Amino acid sequence: MRKKSKSYVVLLVLTLVLSLLAGCGGGSNNAKNNEGKANDSKNTATNAPEATTEAEDLSPLTLSFFAEDPNPNWNNMKDDVSKVITEKTGITLNAEFAVGDPAQKVALIAASGEYPDMISAKGDIGKLVDAGAVIDLTDLIDKHAPNIKKVLGENLARAKYTNEDPSIYAIPTWAAVDEQKFVAGGGFELQHRVVKEAGYPEIRTVQDYEKVIKAYLEKHPTDENGNKNIGVSLNADDWHMYISVTNPAVATTGGSDDGEYFINQETHEATYHFRRPEEKEYFRWLNHMNDIGLLDKESFVQKYDQYKAKVATGRVLGLIDQDWDYNDGQQVLKTAGKFDQTYGHYPVTMSKDIKEASFWPTGFMGGYGIAISSTNPDPVRTIKFLDFLASDEGQILSNWGVEGKHYNVVDGKRVVPEDVQERINTDNTAFTKESGVGFYWNMMVHYGDGAKDATGNYYTKNFPEQLVVGYSDAEKETLAAYNATIWKDLFPKEEEFKEKAYGAAWNISIPGEDEVSILGNKMKDITWKRIPEAILAKPADFDKIWDAYMADLEKAGVEKMEKGYTQYVQDRVKLWSE
């Protein structure tokens with residue numbers, strides 16, 4: 001405000017203007033004076049103040065944050081990266097990460113009326129929207145988030161909630177812009193010693209996978225301490241059931257990852273994927289693996305910590321999982337120098353004529369991301385915090401760490417020093433906890449693997465040359481035996497598939513009280529009961545149990561659910577094509 005004019009008229013006008021602003025409940029850059037706690041989400045966004053030329057408010061502000069994704073290494077912002085973020089923004093996070101079923105936690109948050117200031121709710125955002133717990137971010141982004149707008153560009157339109165409600169309730173943070181994926185962290189896993197002893201045979205089908213595990217167990221039934229080696233262990237604890245037990249049924253039968261559905265790429269009709277006859281044969285194979293003693297008998301009773309601890313013993317020869325799900329256990333093996341007992345990734349399917357679709361391109365996906373709650377004390381400071389994370393400075397900090405400590409710039413290129421890389425390779429858990437590298441990926445709008453900044457450097461460290469630096473000698477030896485440099489080389493490439501018009505079906509937001517969601521929970525309960533029962537049954541009883549499973553789904557309304565979900569997929573295609 002200018003203070004040179006002291007005329008009565010000017011003062012009167014200013015007084016009236018300020019009174020009007022106060023009456024409208026306008027926002028403020030000062031958290032202490034902000035009274036606009038946004039009982040109405042759209043009013044909060046609409047009344048957000050215009051950006052000013054005043055110095056940024058860096059006064060201390062603590063914001064609560066809840067994320068559905070676990071982060072066991074979170075260090076309460078005492079890590080190197082977080083300290084810089086607080087220095088640059090003034091903001092400290094009081095963070096909580098989901099334990100157990102994240103959907104239940106989000107439902108409790110929605111019902112409580114007491115909301116964290118920021119929420120990363122993934123597919124459960126609908127519950128929060130229904131409760132009025134999150135605000136429309138459209139105007140906040142437009143007025144206060146130039147970096148977010150720059151990174152997302154036209155992709156920002158894909159963040160709209162639905163055709164009927166085009167509000168932006170969550171800034172897309174799960175999807176990356178300009179991404180070229182190099183990391184193959186899924187597929188079927190085998191220890192390097194297992195494929196080495198077998199002479200590095202082709203691992204393309206479930207039969208190939210089974211054969212090398214069986215051969216190794218016959219020669220090495222126990223480890224050096226007399227403990228029994230385990231063929232394959234599954235992680236079926238709570239939501240991990242999706243990752244390790246049910247999603248692979250789609251992958252091995254040629255489908256892409258669309259959550260609990262198989263989507264016809266021509267008609268965009270949705271089928272509850274377990275109803276596909278091809279998948280019945282995948283679960284029959286798991287039943288066979290259990291029958292011949294190659295499947296861990298504790299797969300459906302062990303807890304997640306027990307699963308990771310079992311991996312850490314080195315006794316589990318094969319996994320069917322994603323590396324982020326078992327990596328804590330694998331890291332123990334690396335720290336102990338047992339690199340031949342760590343895992344490689346293979347594109348296993350039911351038969352050779354089926355393409356494994358891990359790299360089926362989705363294009364940029366809106367949907368999953370970070371929301372600002374309707375009780376947030378300062379939405380403007382919050383969006384500016386998120387905007388800093390989206391800046392080049394924020395992205396490089398989050399992905400690479402602090403210059404001079406976690407990386408150096410040598411001849412214009414970002415390089416990780418040998419001693420730092422050695423620690424990452426052998427003690428990554430401790431390194432991550434102390435450095436904070438990678439902690440903010442699900443809070444930040446970001447460029448993807450393969451994208452370069454204005455200096456010609458990659459935004460992330462997931463590019464072939466850097467990935468190889470992180471491989472152990474055992475891993476490099478295995479890859480060389482298969483004429484590959486990185487694990488992605490073994491998988492079908494993106495260009496072998498047509499980009500999906502809807503992104504990924506699991507990324508579509510469904511209103512929490514929608515019948516599709518209610519029916520989905522019923523199907524999940526049936527599936528999580530029947531699938532373990534079918535896998536653990538005597539082979540002679542498998543068909544009878546499977547038929548009963550299919551009948552249970554039909555009785556519970558699976559066809560109505562499929563019809564409803566089909567409409568959401570088709571609406572997404574329409575929304576994104578406009």
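The values are calculated or read from the model by the stated rules, or taken from the named source; none is laboratory data. Remember, it's a predicted structure, so these values are computed and weren't measured experimentally. So basically every Cβ, Gly included, is an ideal-geometry build from the backbone, and we count neighbours across all protein chains shown.
Odds and ends about this structure:
- The criterion of being among the acidic types (Asp, Glu), outside any loop (DSSP other than H, G, I, E, B) and out of contact with any strand residue (DSSP E or B) (no Cβ under 6 Å at 6 or more places or on another chain) holds for Asp328.
- Qualifying residue in the stretch 97-110 (condition: buried (at least 18 other Cβ atoms within 10 Å of the Cβ), out of contact with any strand residue (DSSP E or B) (no Cβ under 6 Å at 6 or more places or on another chain) and either among the charged types (D, E, K, R) or without any contact (Cβ under 8 Å) to a residue 12 or more places away in the chain (or both)): yes
- Criterion (under 24 Å from Tyr161 (Cα atoms) and in contact (Cβ under 8 Å) with a residue 12 or more places away in the chain) met by exactly one of Asp328, Asp387, Asp321, Asp340: Asp387
- Scanning the stretch 523-548 for residues that are without any contact (Cβ under 8 Å) to a residue 40 or more places away in the chain and out of contact with any Leu (no Cβ under 9 Å at 6 or more places or on another chain) turns up Asp525, Lys529, Glu533, Ala540, Asp541, Asp543, Lys544, Ile545, Asp547, Ala548.
- Search result, residues across the stretch 459-488 that are assigned to a loop (DSSP other than H, G, I, E, B) and hydroxyl-bearing (Ser, Thr, Tyr): Tyr459, Thr460, Tyr471, Ser472, Tyr482, Thr485
- Among the candidates Lys105, Lys160, Lys122, Lys150, the residue that is among the charged types (D, E, K, R), within 23 Å of Asp449 (Cα to Cα) and modelled with pLDDT under 95 is uniquely Lys122.
- Scanning the stretch 404-458 for residues that are among the β-branched types (Val, Ile, Thr) and closer than 19 Å to Asn71 by Cα returns Ile424, Thr429, Thr432, Val437, Val445.
- When residues of the stretch 487-509 are limited to those that are in contact with a helix residue (DSSP H, G or I) (Cβ under 8 Å, 6 or more places away or on another chain) and surrounded by fewer than 20 Cβ atoms within 10 Å (Cβ to Cβ), the one nearest to Asp427 (Cα to Cα): Asp489
- The stretch 266-299, subset assigned to a loop (DSSP other than H, G, I, E, B) and of a type in the set (A, V, I, L, M), residue nearest to Val250 (Cα to Cα): Leu294
- One residue stands out among those in the stretch 408-420 that are touching a residue at least 40 places away in the same chain (Cβ under 8 Å) and surrounded by fewer than 18 Cβ atoms within 10 Å (Cβ to Cβ): the one that is nearest to Lys488 (Cα to Cα), which is Lys413.
- Test result for Val380, surrounded by fewer than 20 Cβ atoms within 10 Å (Cβ to Cβ), modelled with pLDDT of 95 or more, more than 22 Å from the chain's Cα centre (by Cα) and not assigned by TED's automatic domain parsing to the domain that holds Asp258: no
- Whichever residue in the stretch 511-525 is crowded, with 18+ Cβ neighbours inside 10 Å and part of a helix (DSSP H, G or I) and, among such residues, is modelled with the lowest pLDDT: Ser517
- The criterion of being closer than 26 Å to Trp74 by Cα, modelled with pLDDT of 95 or more and not in a helix (DSSP H, G or I) holds for Gln302.
- The test for being closer than 30 Å to Thr92 by Cβ and modelled with pLDDT under 95 holds for Ala430.
- Scanning the stretch 106-151 for residues that are over 19 Å from Trp441 (Cα atoms) and of a type in the set (Gly, Ala, Ser) returns Ala107, Ala110, Ala111, Ser112, Gly113, Gly126, Ala131, Gly132, Ala133.
- Residues of the stretch 245-294 classified as crowded, with 19+ Cβ neighbours inside 10 Å, within 20 Å of Glu496 (Cα to Cα) and free of Cβ contacts under 8 Å to residues at least 60 places away in the same chain, total: 2
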